[in-house]
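Undergrad: Got a structure here, written out as structure tokens. Questions coming.
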Amino acid sequence: MIYALLFTLLFILLLAYFKIADHYNIIDKPNHRSSHTAITIRGGGVVYPFAILLYTIFFQDVSYVLVAGIVMISAVSFWDDVQNLPNKVRLLVHLLSVTALLLSVKAFQEWPLWLLPIVYILVIGTINAYNFMDGINGITGMYSLVILGSLLYVNYYISPFTDSAFIICPVIASLVFLFFNFRKKAKCFAGDVGSVSIGFWIIALLVMVIINTGDLKYVLFLAVYGVDAVLTIIHRLILKQNIFEAHRLHFYQILANDKKVSHLIIASAYGVLQLFINSTIITSSLTIVSFTFAILIPLALIYIIAKPKLMAKSIA
């Protein structure tokens, strides 16, 4: 019953946000780097910070430090959606939010000092990679739903690592967001506030499950995004491009923009592929090294072999 209420409240709050965004002209105008052609409301991903705030109201098992981290990173991301912020402001808030995450899992007391800088770099890099992957209708909501569903399964049936409501709330938020975004012509885009906040939330959950189980294999719940993001960065460095500027060189962007594959098909394919990988990770007893060879290498080969062919055909 309480989850139905949460769904209803998030739905109403998002509709209210559409009114505000329309009034204050918080929109996304297409340009030559975009994967869309129509003016669309930006920032529909505010449903995720709404979800964390409702979680603190309806549930008792709350890490207020972690909630503060999610709220901080959501706020600065929304501000960046409305008015572009200097990189140093975003970086400062990202550092503070990651610090909140590490405080919530007692990393400063229990982890070796040499590990902390590495974790900061990896977490902030992953947050930004998650943000970069948000470029077509449905992909962020669908991919997030797959990861959250996988984590919920682990929490219920393998190794409880957090309050189940802390996973179910972003699941509900993703379903509400997808209702408006998983369309040929989306009602709204996630914006940085959506992709960054849900990216941070998912990373927090992955940190928790890895600490609880002592098994790094769960990081591969991000395998599909990870391969696309990392290899695209390498590709852009080879081309001597500024990796912080907008572009259309992700594998999914080549499919959507150059090959004109439906956004919804691509988003679904990314989700289904990651779901297959997650199912394999959950049901298999292989080590992280074995999983790396079995999962990351085939994904990388698909990217390396298929992408140049798709781009060559597009140019021809």
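The values are calculated or read from the model by the stated rules, or taken from the named source; none is laboratory data. Remember, it's a predicted structure, so these values are computed and weren't measured experimentally. For neighbour counting, all protein chains shown are included, and Cβ atoms are generated from backbone atoms with ideal geometry for every residue, glycine included. We work out accessible area using only protein heavy atoms, side chains counted, and drop any ligands, DNA or RNA first. Shrake-Rupley method; radii C 1.70, N 1.55, O 1.52, S 1.80 Å.
Undergrad: In what sequence, largest accessible area first, do PHE7, PHE291, PHE189, PHE276 appear using a 1.4 Å probe?
TA: From most accessible down to least: PHE276, PHE7, PHE189, PHE291.
Undergrad: Next question, about the same structure. Given the options ILE168, ILE305, ILE139, state which has the largest fluctuation in a GNM of the chain using a 10 Å cut-off (strictly under) for Cα springs.
TA: Result: ILE305 has the largest fluctuation of those listed.
Undergrad: Multiply the residue separation of PHE293 and LYS309 by 0.36 nm, subtract the distance between their alpha-carbon atoms, and state the gained length in nm to one decimal.
TA: Contour length minus the Cα-Cα distance gives 3.4 nm.
Undergrad: Something else about it: Would you work out the charge dipole size for the range 163-316 about its Cα centre, treating the Cβ of every Lys and Arg as +1 and the Cβ of every Asp and Glu as -1, and quote it to the nearest 20 debye?
TA: Approximately 800 debye in magnitude.
Undergrad: Give the shape of the chain as rounded, prolate or oblate, defined through the alpha-carbon gyration tensor: a ≥ b ≥ c are the square roots of its eigenvalues, a/c under 1.5 means rounded, and otherwise the shape is prolate if a/b is larger than b/c and oblate if not.
TA: rounded
Undergrad: List the aspartates and glutamates whose Cα sits under 18 Å from the Cα of LYS307, skipping any in the same chain fewer than 8 residues away.
TA: ASP228, ASP258
Undergrad: Let me ask something else about it. Say we join alpha carbon atoms closer than 10 Å with springs in a Gaussian network model of the chain; which of ALA51, ALA190, ALA269 then has the biggest fluctuation?
TA: For the chain, modelled as a Gaussian network with Cα springs under 10 Å, the answer is ALA269.
Undergrad: Okay, next question. Going by a ≥ b ≥ c, the root eigenvalues of the Cα gyration tensor, does the range 175-242 fall in the rounded group (a/c under 1.5), the prolate group (a/b larger than b/c) or the oblate group?
TA: Note, shape of the range 175-242 comes out oblate.
Undergrad: With Cβ to Cβ distances under 14 Å as the rule, what net charge do the other residues near LEU91 carry (K, R +1; D, E -1)?
TA: For residues surrounding LEU91, the net value is 0.
Undergrad: Calculate what fraction, in whole %, of the accessible area of the range 239-316 sits on carbon and sulfur atoms when a 1.4 Å probe is rolled over the protein chains.
TA: Taking all protein chains in place, the range 239-316 shows 72 percent carbon and sulfur surface.
Undergrad: Measuring with a 1.4 Å probe in the full set of protein chains, what accessible area per residue, in whole Å², belongs to the chain?
TA: 48
Undergrad: Kyte-Doolittle mean at least -1.0 and Cα extent at least 18 Å along the axis: which DSSP H helices of the chain qualify?
TA: Counting only whole DSSP H runs, the qualifying helices are 2-23, 64-82, 87-104, 115-132, 139-157, 165-181, 191-213, 223-238, 263-283, 297-315.
Undergrad: How would the range 23-132 be classified by its alpha-carbon gyration tensor: rounded, prolate or oblate, with rounded meaning a/c under 1.5 and the a/b versus b/c comparison settling the rest?
TA: oblate
Undergrad: Oh, and also: Mind checking which aspartates and glutamates have their C-alpha under 16 Å from LYS185, skipping anything on the same chain fewer than 8 residues away?
TA: ASP28, ASP134
Undergrad: How large is the helix-only mean residue ellipticity at 222 nm for the chain, computed as the sum of -39500 (n - 2.57) over DSSP H runs with n ≥ 4, divided by its residue count, in deg cm²/dmol to the nearest 500?
TA: Here the helix-only value at 222 nm equals -22500 deg cm²/dmol.
Undergrad: Give me the lysines in straight-line cross-link reach of LYS187: C-alpha distance below 21 Å, same-chain residues under 8 apart excluded.
TA: Cα-Cα hits under 21 Å: LYS19, LYS29, LYS260.
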